[in-house]
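The values are calculated or read from the model by the stated rules, or taken from the named source; none is laboratory data. Note that this is a predicted model, so its numbers are computed, not measured. Neighbour counts are summed over all protein chains in view; Cβ atoms, including those assigned to glycine, are modelled from backbone coordinates with ideal geometry.
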Amino acid sequence: MTTVVDSKAVTAPAVAAFGVSKRFPGVIANDDVHFDVRVGEVHALLGENGAGKTTLSNILTGLYRPDSGHLELSGRRVSFESPRDAIDAGIGMVHQHFRLIPTFTVAENIALGAARDGERVLLNMASVESRIVELGEQFELSVDPRARIWQLSVGEQQRVEILKVLYRDARILIMDEPTAVLTPLEADALSQTLTSLTRQGRSVIFISHKLGEVISIADRITVLRQGRSIETIDAVGATRESLAAVMVGREVERVQRRGVGALPGAPIVLSVNDLGAEGDRGLPALRSVSIDVRGGEIVAVAGVAGNGQRELVEVLAGLRPRTSGRIEVDGETMDRADARHPIRMGVAYVPQDRLGTGLAPDLSIAENLVLKRYRRPPVARPPFLRSSVIDAEAASLMEQFDVRAPSSQTPTRRLSGGNVQKVLLAREMSGRPKVLVVSTPTQGLDIGAVATVHQLLLDAAAEGVGVLLVSEDLDEVLALADRVVVMYEGSVTGIVDAADATVASIGVLMGGGTAEDVA
């Protein structure tokens, strides 16, 4: 039987933070934060990168202890010595990056670690499976308890993560960017799940960068800025623009191109025909993929992560061999799987893994900016580098691309995510490319950094560069793209004009549907 809880009838919040502060060497992560979540409520937590959301979540889940201030659960003051204390108190966290063992079954993953420290328990797996089925029916989270994780879709794996905390009887769920890897249909299903949870007395702390999603899902929204709690807002009546302004302390203009298209008569600068490639396990990852990009055009590749997008951009960047097909850049055939070859042909590449693949984190900003040109004049006078030229070019690019750092000699690893991305874009775009291949350029960035990156991509297209944008954010895709290529299981399921596309129609294609299904 479903019990509907009237949150207004409950006087004490489910969880509250009073004057919570947390300091690290040289950084105040949380500064006198006040925050409360009612019983039966979805409460969103918003803020730029570095605003203190993660630190507050770690305090609520027992990973950190506050330097000052305190927490209360249902009006009772609490102090957590460890994550186990928070779990026992009924707080659970669903992380953005799933913490599941692929070869284990659903039941094995959920039961893992459920016993208390020091207990030796021989689990009755039949009982565990029965409880999982019961919870799935209760909260509309049905999943086969005997299925192995690798057999499940991304949406089903997220259900397992939620069931893990419900199995431990969590009354307060913290969800970190829960829709980042979901299709629109899966995101809608998650919204229904949250409604089911709150109706049965659970409370949800919802962390997301997607402002439209926050407005539609949350009851109230608390905004953090520079470690402080700035304002708590009712979701009813809030707008993207008003939330963005509170987050960054100023008005933020949304960048939108949608359906501008290449210039009339613009040549095809990137032509991909019947491309095939294998994934890391030797299985087919790309199946007869064909895409054309004209100069000045932004073509977006949409799809749930793991459907061939990573392999596609790696082939184009010369980092992965192709098994079949043909690639041409401005009419010239790309005939070698060699990372230097695409660079010489005019292909610039901004990978998803900024510090792992795109940049050398321990090198300075200046050194990273010349990584693709250090063999050639004027940067080099072989066999010597010209430090004065490197420093002057770095200073110029930092000003042009608004890279904020103490100096060009600052190690790149010390920069914020937005500034790291701007360094990467500065290096790639300053080489006057014909084609710019960009993978998930705004993932994890705050609203201000997102607007800057979007404008840089639009500037590149305005200069005649063909942009191939890989993104899982459909709002971003529809805002920037002229055409949208949708991929599913390594194949193209549809190519649509962005001006005619909707989140729903693209979502059908992302889930394996066809153009007939959309119609």
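Restricting ILE149, ILE230, ILE207 to residues that are touching a Leu at 6+ places or on another chain (Cβ under 6 Å) and surrounded by fewer than 20 Cβ atoms within 10 Å (Cβ to Cβ) narrows the list to ILE149. Look at (1) surrounded by 16 or more Cβ atoms within 10 Å (Cβ to Cβ); (2) hydrophobic (A, V, I, L, M, F, W, C); (3) touching a residue at least 40 places away in the same chain (Cβ under 8 Å); (4) touching a Phe, Trp or Tyr at 6+ places or on another chain (Cβ under 8 Å) and you find that ALA114 fails only one, number (1). Taking the criterion of being touching a strand residue (DSSP E or B) at 6+ places or on another chain (Cβ under 9 Å) and within 24 Å of GLN157 (Cα to Cα), the residues of the range 84-96 that qualify are ALA86, GLY90, ILE91, GLY92, MET93, VAL94, HIS95, GLN96. Taken over the range 356-406, residues that are part of a loop (DSSP other than H, G, I, E, B), closer than 17 Å to LYS422 by Cα and over 25 Å from the mean Cα position of the chain (by Cα) amount to 5. Within the range 13-60, the set of residues being part of a loop (DSSP other than H, G, I, E, B) and surrounded by fewer than 19 Cβ atoms within 10 Å (Cβ to Cβ) comprises PRO25, GLY26, ASN49, GLY50.
Filtering the range 354-372 for residues that are surrounded by fewer than 23 Cβ atoms within 10 Å (Cβ to Cβ), free of Cβ contacts under 8 Å to residues at least 40 places away in the same chain and over 15 Å from ARG427 (Cβ atoms) leaves a non-empty set. Of all residues in the range 496-508, exactly one satisfies the criterion of being assigned to a strand (DSSP E or B) and either under 11 Å from LEU474 (Cβ atoms) or touching a residue at least 40 places away in the same chain (Cβ under 8 Å) (or both), namely ASP497. Candidates are the residues of the range 291-323 that are out of contact with any Asp or Glu (no Cβ under 6 Å at 6 or more places or on another chain) and assigned to a strand (DSSP E or B); the one that is surrounded by the most Cβ atoms within 10 Å (Cβ to Cβ) is ALA302. What single numbered condition from (1) at negative phi; (2) crowded, with 16+ Cβ neighbours inside 10 Å fails to hold for PRO102? PRO102 satisfies all of (1) at negative phi; (2) crowded, with 16+ Cβ neighbours inside 10 Å except (2). Check whether at least one residue in the range 462-472 is in the same structural domain as GLY295 (by TED's automatic domain parsing), modelled with pLDDT under 85 and over 21 Å from ARG344 (Cα atoms), and report yes or no. Within the range 462-472, one or more residues are in the same structural domain as GLY295 (by TED's automatic domain parsing), modelled with pLDDT under 85 and over 21 Å from ARG344 (Cα atoms).
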